[in-house]
Amino acid sequence: MHCPTASKALFILNPNAGVPPVKFIVSKALDRRRHELSFYKSLSIDESGSLIRQNFDRYNVFVAAGGDGTVHTVATKLIGTEKILGVLPIGSGNGFAKELGFKTNIPLLLKDICNNQSVIIDVLEVNNELCLNVAGVGLDSFVAHSFDKLKTRGFWSYVGVTLRNFIQLRPFHATITIGKDRTISGEFYVLTVANTRQFGNWAFIAPNASPGDGEMDIVLIRPFPKILAPAMVYRLFSKKLPGSKYVTCLKTSSEVTVETEETRFHIDGEPVTLSGPVQFRIRKNALKVLRTKHLKHELASS
C-alpha cells in the first residue's frame, strides 16, 4: 500500500510485551514492511523516551507497539504537543487500545495513519503522573502487583492471579475527598478512578466513562459476600456494574484526594507504590490520538 503519510509514523516496539506468539508474529510483520514504515525495538522506558526525542521532528505519529505500559510510556512524551499517538496492541489487557478502537492489524492501522485524522482526549494525573485509562487501589492494583512478578503473560495467567488475589482479598479503609465539600469514607474492595470504561479484556469497570467528557469517573466497590463473585463478574463484563447495591459510581471534574494506609496502587495497570494523600486531576484536551475506523466514542477531532 503506497501512502506517503505512513512514512511520517514511527513504530516503537516493546519486544517484552504481550504473549510470545503474538509479539513474534507482529515483530516479523513489521520487519517485512520496512519499506512502508519505520520502527525501532525499545527495551526500556528510558530508551523509548530517547527514541521519541531523537525523532520528534521527523514523524507526526508515534505508534506504541506493546501493552498498556508501552502505550503509557509513549503517550507521556506526546502530552501537550501536536504529535499523534497510535497503538498496535500486543499486550495482555490492552484497555486503552480497545477503548480507542485499535486492532492488532498492521494493514488496518496503516490505513488509519493514511487517513491522517486524529481526536483529542483528556488524561488523568495521579500525583502528577500521567494516566490514560484507569488508576486506583484495591483488587485490581493487588492483581497488578502480583501479575508483575509472573514470568508468563496472557489472559489466563491474569485470570489465575485475579482468582488468587480475590480469595485472599480483605477490605481496606479509605477516605475520598471530592473538590472542597464532599467526603466519602469507608471500607472498600476496589477504588478506581477512570478516564475510560475498561481495565482491558472487555472488563468494564466504569461503563459511563469517556476520555473526552472533561470528567473522571470514580467507582467504589464495597465489601460483598464472596459467594456473589460470579454475579459481580457478570456485571463487570456486561457493563452493569453500576446497578449493584455494593457499587457507587460518581463523575467529577474536581480534584479528588484519596487517603488510605494501603500503598499498592496501579496506574494504567502498572504497579506503583504511593503513600500519603494521593491526588487525582483531570487534564482536559491533553493528547492527540489517531482516529481509527472502529472508534466508538464521540470525541472531538483535533
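Each value in this text was obtained by applying a stated rule to the coordinates, not by laboratory testing. Since the structure is predicted, the reported quantities are computational estimates derived from the model, not experimental observations. Reconstructed Cβ throughout: ideal geometry from the backbone, glycine too, with neighbour counts over all protein chains shown.
How big is the charge dipole of region 214-302 about its Cα centre, in debye rounded to the nearest 20, if each Lys and Arg gets +1 on its Cβ and each Asp and Glu gets -1 on its Cβ?
Working: 15 positive and 9 negative charges, 116 e Å.
I would put it at about 560 debye.
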How far apart, in nm, are two points set 7 Å out from the Cα along the Cα-to-Cβ line at ASN16 and at GLN117? 3.8 nm
Dipole check, the chain, charges on Cβ (K,R +1; D,E -1), about Cα centroid: among LEU220, HIS266, VAL143 the Cα furthest to the positive pole belongs to VAL143
Provide SER27, SER141 in ascending order of the number of other Cβ atoms located within 10 Å of each residue's Cβ, fewest first. SER27, SER141
Reduced Cα scattering model of region 4-116, Debye log10 I(q)/I(0), q = 0.10, 0.11, 0.18, 0.20 Å⁻¹: -0.24, -0.29, -0.83, -1.06
Of GLY91, SER27, GLY101, whose Cα points farthest to the positive end of the dipole of region 4-116 (charges on the beta-carbon: +1 Lys, Arg; -1 Asp, Glu; origin at the Cα centre)? SER27
Taking 8 Å as the Cα distance limit and 6 or more residues as the minimum spacing, I'd like the relative contact order of the chain as a percentage. 23 percent
By Cβ neighbour count within 10 Å, fewest first, ASP268, ASP213, ASP148 rank ASP148, ASP213, ASP268
How much length is gained on full extension from ARG32 to THR175, taking 0.36 nm per residue of separation minus their Cα-Cα distance? 46.2 nm
Treating cross-link reach as a plain straight distance, find the lysines whose alpha-carbon is under 22 Å from the alpha-carbon of LYS149, omitting any fewer than eight places away in the same chain. LYS23
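Quick check: net charge around SER185, other residues with Cβ under 15 Å of its Cβ, Lys/Arg +1 and Asp/Glu -1? Walk me through the numbers before you get to the answer.
Values: positive: ARG182, ARG222; negative: ASP181, GLU187, GLU259, GLU261, GLU262.
The answer is -3.
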Length-normalised contact order of region 129-283, Cα under 8 Å, at least 6 apart, in percent, tallies to 30 percent
Among PRO225, PRO89, PRO211, which one shows the highest mean-square fluctuation when the chain is modelled as a Gaussian network with alpha-carbon springs under 10 Å? PRO225
Taking only the alpha carbons of the chain, what extent do you get along each of the three principal axes, in Å, biggest first? 57, 40, 33
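Compute the FRET efficiency between ILE184 and SER50 as 1/(1 + (r/R0)^6), taking r as their Cβ-Cβ distance and R0 = 30 Å, and round to the nearest 0.05. Working shown, then result.
Details: r = 42 Å, r/R0 = 1.42.
Calculated value: 0.10.
Pick out, in residue order, every one of the trypsin sites (Lys or Arg not before Pro) in region 214-252 that is DSSP loop and has at most 13 other C-beta atoms within 10 Å; say none if there are none. Each step should come with its number before you reach the end.
On the way: sites: LYS226, ARG235, LYS239, LYS240, LYS245, LYS251; in loops: LYS239, LYS240, LYS245.
Qualifying residues, ordered by number: LYS245.
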Translational diffusion of region 129-283, µm² s⁻¹ [Kirkwood Rh, Cα pairs; Stokes-Einstein; 4 °C; 1.567 mPa s]: 83 µm²/s
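What does the extension gain come out to for LEU228 and LYS296, with contour length at 0.36 nm per residue minus their alpha carbon separation? Intermediate results must be reported in sequence, preceding the final value.
Details: separation 68, 0.36 × 68 = 24.48 nm, distance 3.11 nm.
Length gained between LEU228 and LYS296: 21.4 nm.
Over all distinct Cα pairs, what is the inverse of the mean 1/r for region 80-196, reported as the Kirkwood hydrodynamic radius in Å? Please report the intermediate quantities before stating the final value.
Details: mean 1/r = 0.0585 Å⁻¹.
One decimal place: 17.1 Å for the Kirkwood radius.
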Loop only by DSSP, 12 or fewer other Cβ within 10 Å of the Cβ. Give me the chymotrypsin sites (Phe, Trp or Tyr not before Pro) in region 234-302 that pass, ordered by residue number. none
Pairs of alpha-carbon atoms within less than 8 angstrom and 6+ residues apart define the contacts here; what relative contact order does region 170-230 have, in percent? 31 percent
What does the charge dipole of region 129-283 about its Cα centre add up to, to the nearest 20 debye, if the Cβ of each Lys and Arg holds +1 and the Cβ of each Asp and Glu holds -1? 580 debye
Could you give the size of the charge dipole of the chain about its Cα centre, using +1 on the Cβ of each K and R and -1 on the Cβ of each D and E, expressed in debye and rounded to the nearest 20? 1000 debye
Would you calculate a helix-derived [θ] at 222 nm for the chain, using -39,500 (n - 2.57) for each DSSP H run of n ≥ 4 and dividing by the full residue count, to the nearest 500? -8000 deg cm²/dmol
Spatial separation of Cα centroids for region 201-258 and region 24-93, in angstrom: 31 Å
